[in-house]
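Novice: Have a look at this one before I ask anything.
The values are calculated or read from the model by the stated rules, or taken from the named source; none is laboratory data. As the structure is a computational prediction, the values presented were derived from the model and not from experiment. Positions of Cβ are backbone-derived with ideal geometry, glycine not excepted, and every protein chain shown enters the neighbour counts. The protein model used for the area step is the full one, side chains on, heavy atoms only, and it has no ligands, DNA or RNA in it. Shrake-Rupley method; radii C 1.70, N 1.55, O 1.52, S 1.80 Å.
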Amino acid sequence: MPEPAPARTDPLISVVLSFFNEEENIPELVRRLRVSLKNRRYELIFVNDVSTDRSLELLKQLAAGQNDIKVINTSRNFGVSICVLAGMRYAKGDAVIYMDADLQDPPELIPSLLEKWQADPETEVVYTTRRSRAGEGALKMAITRLGYRILQATSDIELVPNSGDFKLLSRRVVNELLKMHEAKPFVRGMVTWVGFKQVQVLYDREARHGGETHYPTLGWRVISNFLDSALISFSDVPLKIALILGFIVSGGAFLWLVGVFVMKFLGYTLGGWAAIMSTMLVLGGVQLLTIGVLGLYINAIFRETRHRPRYIVKDTFGFDDDQQS
């Protein structure tokens, strides 16, 4: 039985934000969120990924005399995607908006997301697409475009280029996401995978308001997230490429062996060391490549079979007693 659609005339809105060391952005972020959500029923759920600066202290100060700020403190650093799902688990809203805490995604766009969602009862997801991206270098843009192209060519989901993690999800979609238990969740792909009607809002992304990015373009966390969460979770193409490459190399090796016997039979002398070493290096490289690809999938299977919780909540702040579980 499909879940009944919630009333959209006066919805409760949950805004979920994962953060790590964002003390330079927190005060301005909260101010702009409150202005954007004025005269609406809402809650701001901040998931603290074990910040070591004054971010948590600032949030508690900003919460004084208000009842809109709620904080989830995790037991250790789990990463953005997992923290977003933790926030969704605690969110009560009819609509859940998740976004970064660095103010690159403007809170002032939230009314437009709500307007799109409320205009059509069939709409379950409102996603944002960047027309421009201020403060981001040519190298990052090139790598981002390459990543989207790889995913579009290899995965079984259709990701819209330049559409990131700034979305409005209906309660129905949130409930579907919470049924998924991937150890390395790729939330962007999961939202696309669930389907339903999804509509687009275009915007211009701003430069980071303050502080330094925690995800450098060529950083290991970015590369690991792309391989483990995005590519492996939604595609088996790397395995197929490895298989095809194995067939090609094996076929080439067989033809080379036939050629060796023919030339030997005709009395030609073959060069030894250089040819043998080149062949061994090529074959060894292909074997290591295919073993590495296979290892990524085996590791993904191993992670899923352990059934560890994706996150552990240390404590919470600002929630009702019945939510702190």
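Matching residues to (1) open to solvent by 30 Å² or more (accessible area, probe 1.4 Å); (2) at pLDDT 85 or above:
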| residue | (1), (2) |
| --- | --- |
| Asp156 | yes, no |
| Gly164 | no, no |
| Ser170 | no, yes |
| Val173 | no, yes |
| Leu177 | no, yes |
| Asp204 | yes, no |
| Arg208 | yes, no |
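Novice: Limited to the stretch 179-190, what total is found for residues that are open to solvent by 30 Å² or more (accessible area, probe 1.4 Å) and outside any loop (DSSP other than H, G, I, E, B)?
Specialist: Selection size over the stretch 179-190: 1.
Novice: Quick one: in the stretch 288-304, of everything that is of a type outside the set (Asp, Glu) and open to solvent by 60 Å² or more (accessible area, probe 1.4 Å), which residue is farthest from Pro238 (Cα to Cα)? Spell out the reasoning first.
Specialist: Taking the stretch 288-304 as the starting set, the residues that turn out to be of a type outside the set (Asp, Glu) are 288-303.
Still in the running and open to solvent by 60 Å² or more (accessible area, probe 1.4 Å): 288-289, 291, 294, 298-299, 301-302.
Values: Leu288: 14, Leu289: 10, Ile291: 11, Leu294: 9, Ile298: 13, Asn299: 14, Ile301: 15, Phe302: 18 Å.
It comes out as Phe302.
Results for (1) over 19 Å from the mean Cα position of the chain (by Cα); (2) modelled with pLDDT of 65 or more; (3) surrounded by 11 or more Cβ atoms within 10 Å (Cβ to Cβ); (4) over 30 Å from Glu122 (Cα atoms), shown as yes or no for each residue.
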residue: Thr192; (1), (2), (3), (4): no, yes, yes, no
residue: Ile223; (1), (2), (3), (4): no, no, yes, yes
residue: Val249; (1), (2), (3), (4): yes, yes, yes, yes
residue: Val260; (1), (2), (3), (4): yes, yes, yes, yes
residue: Lys264; (1), (2), (3), (4): yes, yes, yes, yes
residue: Ala275; (1), (2), (3), (4): yes, no, yes, yes
residue: Val282; (1), (2), (3), (4): yes, yes, yes, yes
residue: Val286; (1), (2), (3), (4): yes, yes, yes, yes
